[in-house]
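The values are calculated or read from the model by the stated rules, or taken from the named source; none is laboratory data. The model shown is predicted, which means the values in this text are computed figures rather than measured ones. As a convention, Cβ positions derive from the backbone with ideal geometry for all residues, glycine included, and neighbour counts pool all protein chains shown. Just the protein is used for accessible areas: all its heavy atoms, side chains included, with ligands, DNA and RNA removed. Shrake-Rupley method; radii C 1.70, N 1.55, O 1.52, S 1.80 Å.
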Amino acid sequence: METLLLTTSEQDITKAAEIIRKGGLVGMPTETVYGLAADALNPKAVMSIFEAKGRPADNPLIVHISNINDIEKFGLTAEIPEKALRLAEKFWPGPLTVIMPKGKNVPPQVTAGLNSVAIRFPSHKGAQALISKSQRPLAAPSANLSGSPSPTTAQHVMNDLGGRIGAVIDGGDCEVGLESTVVTLCTNPPTLLRPGKVTLEELREVLGEVNLSSAVLEKLKDKEEAPSPGMKYRHYAPNAKVYLVKGDDRAFTEFVNSKTGEGVLSLCYDEDAARICVPYITLGKKGDYDEEAHNLFSALRKIDETPNIKTVYARCPDTKGVGMAVYNRLIRAAGFEVIDLYE
Ligand code: TXA
Ligand code: MG
């Protein structure tokens, strides 16, 4: 199949919406990462998302809307929870996904048989235009092959899914660079399942008490059930082996510099670059969590494009604010392997 590369012009959005309405798949730009969109109300189209990505069928999808009224209009939930309205008021359109009881119109293929549904209203104009023009809610996971880092450019989507999907809309570099924050209202108090640009602190300001799922920062124990199915899968990992290294500036530099000649790459901050003697990629200025978030997935993809890299030592980000989201992705890229130089 030829994959069309489209722009966000009205004419191209119309083309993409036609593909969606015929049950096809479109790579859709959003402010977080690129999504692989299909008509959420068409079970066959939804199944083809899983096929194109190689995604396990028990991992549910997020339903994207372009107007808060879409929730009612398409019967996505029987009654919008009051807490969802408060979150929508503050964070939509934007990088927040809210899980609520599922309405009867949502096919089980979208929710992997769960009785809850994940809903997001993205702020990216290209995404909004595609959703409105399709006149459908759009089911969309990140548009990567299952297991790879999420795509933050149209080129990343082409690299992973070119030839398998109808089109990719190039809406530029994703501003946030990490997937949306996921919070479920199906527990009391609500639970943060995946950290993102909207932080735990910000959610607590709106909702009061919010629990942090233990799977956000720690590995699931054997046989422990994942509160969000996506948590149990290997994720975001480049082909090289990644270790997260805890230590101060000096200890980190000495550690990686003792590893020259071993196919080692260091994932570090701008400030470290001058002192590092192995190949490196920087995530930005130390403590600038937004910049780290923006650069992380491109950096993980670049690692795979750098020849002969076998091992990556990444500086361990701290877990404050948006830093929690960066940590959550990196610890998974590292398969929870941490080297603690403070010990
Ligand atoms: O920023 C994003 O959220 C991007 C863009 C495209 O919107 N989408 C995205 O989708 O990251 P995906 O499929 O890669 O991640 C969705 C996550 C998964 O971890 C999934 O398990 C969880 O949300 N999820 C979806 N529906 C759920 C539900 N009903 N209950 C619990 N977790 C759910
Ligand atoms: Mg994903």
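Tabulated data for the structure shown
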{"quantity": "Candidates Ile99, Ile71, Ile49, filtered to the one that is β-branched (Val, Ile, Thr) and closer than 18 Å to Ile169 by Cβ", "calculated": "Ile49"}
{"quantity": "Region 88-131, subset open to solvent by 20 Å² or more (accessible area, probe 1.4 Å) and small (Gly, Ala, Ser), residue farthest from ligand 2 (Cβ to nearest atom)", "calculated": "Ala129"}
{"quantity": "Residue list for region 59-75, filter: more than 21 Å from the chain's Cα centre (by Cα) and either part of a helix (DSSP H, G or I) or crowded, with 20+ Cβ neighbours inside 10 Å (or both)", "calculated": "Asp70, Ile71, Glu72, Lys73"}
{"quantity": "In region 278-303, the residues that are under 18 Å from Asp249 (Cβ atoms) and aliphatic (A, V, I, L, M)", "calculated": "Val278, Ile281, Leu283"}
{"quantity": "Scope region 18-66; condition among the aliphatic types (A, V, I, L, M) and within 14 Å of ligand 2 (Cβ to nearest atom); matching residues", "calculated": "Met28, Val33, Leu36, Ala37, Ile49, Ala52, Leu61, Ile62"}
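Conditions tested, residue by residue: (1) β-branched (Val, Ile, Thr); (2) open to solvent by 20 Å² or more (accessible area, probe 1.4 Å).
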{"position": "Met28", "(1), (2)": "no, no"}
{"position": "Ala57", "(1), (2)": "no, yes"}
{"position": "Thr77", "(1), (2)": "yes, no"}
{"position": "Lys83", "(1), (2)": "no, yes"}
